[in-house]
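Everything below concerns the one structure shown next.
The values are calculated or read from the model by the stated rules, or taken from the named source; none is laboratory data. Since we're looking at a predicted model, the values are computed, not measured. Cβ sites come from the backbone with ideal geometry, for glycine too, and all protein chains shown count toward neighbours.
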Amino acid sequence: MFHESKRMNAVRSYAFDEIRKEVSRLRSKGIDVIDMGVGDPVRATPERVRNACHEGIERFAQSGYPPYQGMIELRQEAQAWMKRKYGIDVDAEREIIVTIGSKEAIFHLPMGLLDPGDIALIPSPGYPPYTSGTIFAGGKPLYYPLTKENGFLPDLEYISKLLETQKEDGRIKLMWICYPNAPTGKVASVGHYRELISLLRSHGVILASDEAYADFVYSGSFVSPLQVSKEGVVSFFSLSKRSNMTGYRVGWVAGDSRIISLILQIKTSADSGTPWFIQQAAIEALRDEESVDKMRNEYRLIRDMLVDTLTSVGLEECRPEGALYIWQKVPDGMSAREFASRLLRPEIAVVCIPGDMLASSFDDGSNPGQGYVRFSLTCLPERVKEACKRIKENKAEIFKSQKRIRG
C-alpha cells in the first residue's frame, strides 16, 4: 500500500504553492488578479545576460558535465564581486561553491552538519526550506521569533537561553538567519553580527546566512556576517532576484572552507552541477550593476507607493529597509487571513500572504506572523498603481465590521 514517509508528513504544504492555486482559481473565473503574494520577479532577465547564455550554449556545446564546484571563472567572478561590493575576502578555490540556485544548497546543508536528533535554530517567520532541509536530514527545527519588539532581529538573550538549555547535549549545531530579511525587510548591523557570531562560536554552532536580497537595501547598507568572520560562517547568494534569473537556477555559497567542502561532498551525490551555459550567464550577471541599480530604484518607488497607500487608508506604516516585501500590520481586531480574504474580493482582487502561513507557531500557541500580511514588490509599477487605486476605492469594504470572511 502506498504511504508517505514520516518526513513528508512532517513537512507542511508550501505556502507559495497554495497561493498560486488560489490565484489560478480566481483567474479561471475571469477576475483580473494582481498577485502581490509570491515574490517572483516579472521583469525580463537583462539582455546582456541572455546574450551571454546564448553564447555559452555554443561555447560549451561539447563540454559534458560541469565541475561540481562550478567553473573557476564564475567562482573568481563571485570572489571579485564580494570584494568589490562589500570588502569580503574569500578564496575562489576553497571558499566558494556554485549551486543550482541558493534553495538547493539551503536544503542540503543540514545533511552535512546534522546527525539524527541534532537541532537547527530557524527564524519564524522564515524561508520554508530551512525547516524542510532540517527535517529531511533527520534533524529537529527549533524556532526563534522575529518580532517588532526586537526590531525583527534574533533576540540574543533568547538565543543564549536556548543554547544553554541544550548545552549538556550539545545538540544545537546550526542557526539560520536571513538579512535583508524576508519577509520583514529588516537590515542587520555589523554590531549585531559580532555579538551573534561570538555567542554561537562559544557553543560550537555554525551560522548559515541567507543573503538572497543583498542587492536590495533602501535604507542604510548591506552587511554580511562574512565581514565579521569566515570561521563557522557560510553565506548563500542567489542571482534569482538580483538579475531576474529565477528560472536559470544559479547561485553560490561562500565562507568557511570546511563547510564548503561538505556541500561539495553532498553535491557529488545530489546533482551533476550547474549547466555550463547558465554559469556563463551568471558571470555576465555579476558584471552588470546598471540593471541592478535600475531595479533597486524601481522597487524603492514601488515600496513607497504601496506603503503610502496602505498608511493613507489607516494602516500602520511598515516601510521595509530592504528585501522585496512589505510586512504589513493588519488592523486591530482583524486576523491576517481575514484581511487577506477581504483583499481577494472581486472588486479588489489583490493577493497578499497571511503572515501565519510564513511563520511557525510556538508551544504557547503564539505565531509571530499573526497580525501581519506580506506584500511582494515584484509586480510592475502600473499593476501596483492599479492595486493602490483599488485599495483606496474600496477602503470602506476592507475595514467595515462584519462577520469573518472565509478565504
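Here are a few things to note about the model shown:
- Evaluation of TYR218 against the conditions (1) touching a residue at least 60 places away in the same chain (Cβ under 8 Å); (2) crowded, with 24+ Cβ neighbours inside 10 Å shows that the sole unmet condition is (2).
- Close Cβ contacts (under 7 Å, 6 or more residues apart or on different chains) running from residues in region 135-152 that are closer than 13 Å to ILE172 by Cα and not assigned by TED's automatic domain parsing to the domain that holds TRP176 to residues that are of a type in the set (Phe, Trp, Tyr) and in a helix (DSSP H, G or I) are absent.
- Output for region 81-99, where each listed residue is aromatic (Phe, Trp, Tyr) and under 18 Å from GLN280 (Cα atoms): TRP81
- Matching option when the condition is surrounded by 16 or more Cβ atoms within 10 Å (Cβ to Cβ), assigned to a loop (DSSP other than H, G, I, E, B) and either charged (D, E, K, R) or at pLDDT 95 or above (or both), among LEU142, LEU153: LEU153
Residue-by-condition table, conditions (1) in a loop (DSSP other than H, G, I, E, B); (2) surrounded by fewer than 21 Cβ atoms within 10 Å (Cβ to Cβ); (3) in contact (Cβ under 8 Å) with a residue 12 or more places away in the chain:
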residue	(1), (2), (3)
ILE177	no, no, yes
PRO180	yes, no, yes
GLY185	yes, no, yes
ALA188	yes, no, yes
ARG194	no, yes, yes
PHE222	yes, yes, yes
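- Residues that are more than 12 Å from LEU226 (Cβ to Cβ) and without any contact (Cβ under 8 Å) to a residue 40 or more places away in the chain within region 81-94 comprise ARG84, ALA92, GLU93, listed in sequence order.
- For region 14-39, the tally of residues that are modelled with pLDDT under 85 and within 18 Å of the chain's Cα centre (by Cα) stands at 9.
- Any hit, region 49-66, residues being at pLDDT below 95, of a type outside the set (S, T, N, Q) and touching a helix residue (DSSP H, G or I) at 6+ places or on another chain (Cβ under 7 Å): no
- Taking region 313-407 as the region of interest, the helices (runs of 4 or more DSSP H) fully inside it that hold 1 or more residues being touching a strand residue (DSSP E or B) at 6+ places or on another chain (Cβ under 6 Å) are 336-343, 381-393.
- Cβ-Cβ distances below 9 Å connect the following pairs, each with a first residue in region 38-65 that is farther than 22 Å from LEU377 by Cα, a second residue that is among the hydrophobic types (A, V, I, L, M, F, W, C) and exposed (fewer than 14 other Cβ atoms within 10 Å of the Cβ), and a separation of six or more residues or different chains: ARG50/ALA44.
- Screening the candidates SER360, SER341, SER376, SER366 for the property of being polar (S, T, N, Q) and under 30 Å from ASN297 (Cβ atoms) yields one hit, SER376.
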